[in-house]
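Peer 1: Take a look at the following structure, please.
The values are calculated or read from the model by the stated rules, or taken from the named source; none is laboratory data. Quick caveat, the model's predicted, so the values are computed rather than measured. Heads up, the Cβs are rebuilt from the backbone with ideal geometry, glycines too, and the neighbour counts pull from every protein chain shown. Note: areas computed on protein heavy atoms with side chains; ligands, DNA, RNA excluded. Shrake-Rupley method; radii C 1.70, N 1.55, O 1.52, S 1.80 Å.
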Amino acid sequence: MDARKFVRRQIREIRRTVGKGKAISALSGGVDSAVTTVLAHRAIGKQLKVVFIDDGLMRQDEPRWVKSTFADLGVNVTIVRAAKQFFAALKGKTDPEDKRKAFRHTFYKVFGKAVRDSKAHFLVQGTIKADILETKKGVKTQHNVLDQIGISAKRGYGFTVIEPVKTLFKPGVRQVGRTLGMPKELCERMPFPGPGLATRCLGEVNPKRIAIVRKACAIVEEETRRLKKFQAFAVLMADQATGVTEGGRRRFGDIIAVRCVDSKNAITAKATKLPWTVLMRIQRRIVKEVPSVTKVLYDLSPKPPSTIEYI
Ligand code: XMP
């Protein structure tokens, strides 16, 4: 791909589509929505409103990090606080697709309101080729692939969707980010799913359980950062396992699975051969810093037959 040409073509296309209208972009902090937002900002500047929906399912310190990183790029980000709505929608749900559906509907409700308030008619989204392929194949319904799952954004939600990077896989998106002069830290970021930590929390998603998986994810990311792997994170299992206190008393505790994969485009993936010392450090830190955890496992499964995330 000629990234410069791609950027020029997409900028032209976004300008032509939006005209003198207003567009809105929902930034998640992931590479795809970050690159899409910068692309749209270059195309239409102040006609673009950028919102970050704080759904309560983000990585540690994410809203503050996103706001300041984008301020450095000249993009003003409005934070929409909506954690309560997402947790209310997810309450009691344990089926993976039910959770995805609840997330998607809440996302479009909250975002739909932000769109109506902004008077924008165009929604700029960071859907990539892998999202579309997986949804078409029925592997899972990505929250951002409306057309593919039979929802008309125009009829259902009242806006037109623009997806400038939908023909690219992740490496292409990163290349476009670099061409746009975005900081390395942002372009090289690990993929992070739209439904956030809800994809890493088996069983019920609630604030307490999300706090556990968020802390564990932060530890895994910190301990693997220098290895520059495709994706590394923690997952909270639905059940509990027996543990023992230092005083020798039996107790039930949470189970965390550590996932670290090598992949090029997220369509296939292999478990990374992490050094034992790294795995042990992760294990020690998780049980120490997240006291409810009694067991830490390392996931060895490739995709296929597994997927990268857990729901
Ligand atoms: P799976 O779990 O299907 O994930 O192997 C493939 C890649 O996609 C990310 N992922 C998502 N990204 N919305 C997104 O924007 C989603 O609903 C979603 N589900 C999974 C996942 O992190 C991996 O990089």
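Here's the yes/no breakdown for (1) surrounded by fewer than 21 Cβ atoms within 10 Å (Cβ to Cβ); (2) acidic (D, E); (3) under 12 Å from the mean Cα position of the chain (by Cα):
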| site | (1), (2), (3) |
| --- | --- |
| V18 | no, no, no |
| S25 | no, no, no |
| S28 | no, no, yes |
| L39 | no, no, no |
| A43 | no, no, no |
| Q47 | yes, no, no |
| V66 | no, no, no |
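Peer 1: Go through region 34-57 and count every residue that is touching a strand residue (DSSP E or B) at 6+ places or on another chain (Cβ under 9 Å), among the aliphatic types (A, V, I, L, M) and either within 29 Å of K215 (Cβ to Cβ) or in contact (Cβ under 8 Å) with a residue 40 or more places away in the chain (or both).
Peer 2: So the answer is 8.
Matching residues to (1) within 23 Å of D55 (Cβ to Cβ); (2) more than 14 Å from the ligand (Cβ to nearest atom):
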site	(1), (2)
A3	no, yes
Q10	no, yes
V18	no, yes
I24	yes, yes
D32	yes, no
V35	yes, no
A40	yes, yes
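Peer 1: I'd like to know if region 263-275 contains one or more residues that are farther than 16 Å from T135 by Cα, open to solvent by 40 Å² or more (accessible area, probe 1.4 Å) and not in a loop (DSSP other than H, G, I, E, B).
Peer 2: yes
Peer 1: Still on this model: Going through F111, F6 one at a time, which residue ends up being among the aromatic types (F, W, Y), closer than 22 Å to P193 by Cβ and buried (at least 18 other Cβ atoms within 10 Å of the Cβ)?
Peer 2: Going through F111, F6 in turn, just one is among the aromatic types (F, W, Y), closer than 22 Å to P193 by Cβ and buried (at least 18 other Cβ atoms within 10 Å of the Cβ): F111.
Peer 1: Something else about it: Could you identify the single residue in E246, E289 that is more than 16 Å from the ligand (Cβ to nearest atom), open to solvent by 30 Å² or more (accessible area, probe 1.4 Å) and within 19 Å of I210 (Cβ to Cβ)?
Peer 2: Matching residue, one of E246, E289: E289.
Peer 1: Let me ask you something else. Among the residues of region 87-100, are any under 18 Å from L27 (Cα atoms) and crowded, with 17+ Cβ neighbours inside 10 Å?
Peer 2: Checking region 87-100: not a single residue is under 18 Å from L27 (Cα atoms) and crowded, with 17+ Cβ neighbours inside 10 Å.
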